[in-house]
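The values are calculated or read from the model by the stated rules, or taken from the named source; none is laboratory data. Here the structure is a predicted model, which is why all the values come from computation and not from measurement. Because the Cβ atoms are built from the backbone with ideal geometry, glycine has one as well, and the counts that use them run over all protein chains shown.
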Amino acid sequence: MINDAHCHFFSPGFFTALGREAGIDDAPRAVPAKLGWEAPGDDAALADRWVAELDRHGVSRATLIASVPGDEASVASAVARHPARFVGFFMVDPSAEEAVARVTNAVTTLGLRVACFFPAMHHVALDDPRVDRLVEAVAAQPGAAVFVHCGVLSVGVRKKLGLPSRFDLSLGDPLAISRLALAHPRLPFIVPHFGAGMLRETMMAADACPNILVDTSSSNSWIRYAPGWTLNGVFKTAMSVLGPSRMLFGTDSSFFPRGWQRGIYESQKTAMREAGISESDQSLILGGNFDRLFSNQ
Ligand SMILES: [Zn+2]
């Protein structure tokens with residue numbers, strides 16, 4: 001069984017937000033055309049496309065991340081259409097005035113499960129009181145969780161459109177999650193890409209906080225930042241600190257026609273085998289942990 005804990009939902013709303021920044025009209029069609037991608041159609045068509053894609057690859061369930069603040073409704077409609085297949089994540093900008101109301105609405109009325117923070121992108125530190133209020137709003141909803149992007153951050157689509165990415169990478173320190181995770185011991189905190197270059201800090205925070213998990217998604221090309229790092233070495237380190245129950249397999253799939261990134265799955269399977277991870281532990285990482293975390297209530 002495979003469940004993918006990191007897929008983006010590049011909805012018409014996502015392209016509209018990018019088009020507004022880039023000065024492109026008719027963005028849901030024009031932006032993908034400019035990128036050499038397929039237009040998403042409407043939210044329902046895109047949701048159905050993802051289900052067909054997951055079926056083609058034997059993937060049972062996947063997260064869908066609303067990848068700009070304010071796009072919660074698109075993922076909510078995809079989840080409502082295919083509740084057995086999708087878990088809804090959404091990006092939140094803590095500097096937005098209505099952020100608490102948006103988060104509360106997303107995890108209650110809209111049925112989304114995970115609020116995603118990008119401190120480097122939104123220039124709001126994790127010890128900011130605005131973040132505390134948002135995390136409290138998520139923690140009040142049983143079954144909800146928090147996702148915090150740490151380490152290196154680059155948004156490929158912004159680069160391709162020539163949009164500036166004035167990120168403050170110093171704000172993406174996983175150690176800053178520990179204060180929040182200790183304050184909310186029953187709330188899961190997911191750190192994508194093993195901390196995206198901050199593996200050591202992610203392991204330190206996770207060692208102190210049993211409610212911190214990692215996802216394994218993307219090509220993890222950050223391993224080139226330190227001498228001698230390999231993907232199987234990363235899996236070994238994560239196994240020794242987190243054990244098999246706090247790792248969530250993910251690909252970071254996003255657009256069509258590329259679709260679901262089987263190559264990422266294959267390379268992680270190889271890395272896990274090389275790391276000596278047993279078949280039963282691999283099945284937790286590849287799907288079991290996802291189902292435990294995101295049981296369909
Ligand atoms: Zn991603």
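At a glance:
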| item | result |
| --- | --- |
| Residue count for the range 1-36, restricted to those that are part of a loop (DSSP other than H, G, I, E, B) and within 16 Å of the ligand (Cβ to nearest atom) | 4 |
| Residue identified as at pLDDT 95 or above, surrounded by fewer than 24 Cβ atoms within 10 Å (Cβ to Cβ) and at positive phi among GLY36, GLY19 | GLY36 |
| Matching residues in the range 206-250 - criterion: being crowded, with 19+ Cβ neighbours inside 10 Å, away from the ligand (no atom under 16 Å from the Cβ) and more than 27 Å from ALA144 (Cα to Cα) | LEU231, VAL234 |
| Count of the range 131-173 residues which are of a type in the set (A, V, I, L, M, F, W, C), within 14 Å of the ligand (Cβ to nearest atom) and out of contact with any helix residue (DSSP H, G or I) (no Cβ under 6 Å at 6 or more places or on another chain) | 3 |
| Scope the range 71-117; condition touching a His at 6+ places or on another chain (Cβ under 9 Å) and touching a residue at least 40 places away in the same chain (Cβ under 8 Å); matching residues | PHE89, VAL92, PRO94, CYS116 |
| Filter result for the condition that a residue is of a type outside the set (A, V, I, L, M), under 30 Å from PRO32 (Cβ atoms) and exposed (fewer than 14 other Cβ atoms within 10 Å of the Cβ), over ARG158, ARG166 | ARG166 |
| Failed condition for VAL68, given (1) away from the ligand (no atom under 16 Å from the Cβ); (2) under 18 Å from LEU112 (Cα atoms); (3) in contact with a Leu (Cβ under 9 Å, 6 or more places away or on another chain) | (1) |
| Residue tally, condition within 16 Å of the ligand (Cβ to nearest atom) and either part of a helix (DSSP H, G or I) or in contact with a Leu (Cβ under 8 Å, 6 or more places away or on another chain) (or both), over the range 39-65 | 2 |
| Those residues of the range 184-206 which are part of a helix (DSSP H, G or I), farther than 21 Å from MET272 by Cβ and free of Cβ contacts under 8 Å to residues at least 40 places away in the same chain, in sequence order | MET204, ALA205 |
| The range 148-183: number of residues that are in contact (Cβ under 8 Å) with a residue 60 or more places away in the chain and either out of contact with any Gly (no Cβ under 7 Å at 6 or more places or on another chain) or closer than 14 Å to VAL214 by Cβ (or both) | 7 |
| Residue within the range 223-246 that is touching a helix residue (DSSP H, G or I) at 6+ places or on another chain (Cβ under 7 Å), in contact (Cβ under 8 Å) with a residue 24 or more places away in the chain and within 23 Å of PHE10 (Cβ to Cβ) present | no |
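For every residue, the table says whether it meets (1) closer than 30 Å to ARG133 by Cα; (2) over 20 Å from the mean Cα position of the chain (by Cα).
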residue: ASP25; (1), (2): no, yes
residue: ALA52; (1), (2): no, yes
residue: ALA62; (1), (2): yes, no
residue: ALA66; (1), (2): yes, no
residue: GLY70; (1), (2): yes, no
residue: PRO83; (1), (2): yes, no
residue: GLY88; (1), (2): yes, no
residue: ALA101; (1), (2): yes, yes
residue: ALA106; (1), (2): yes, no
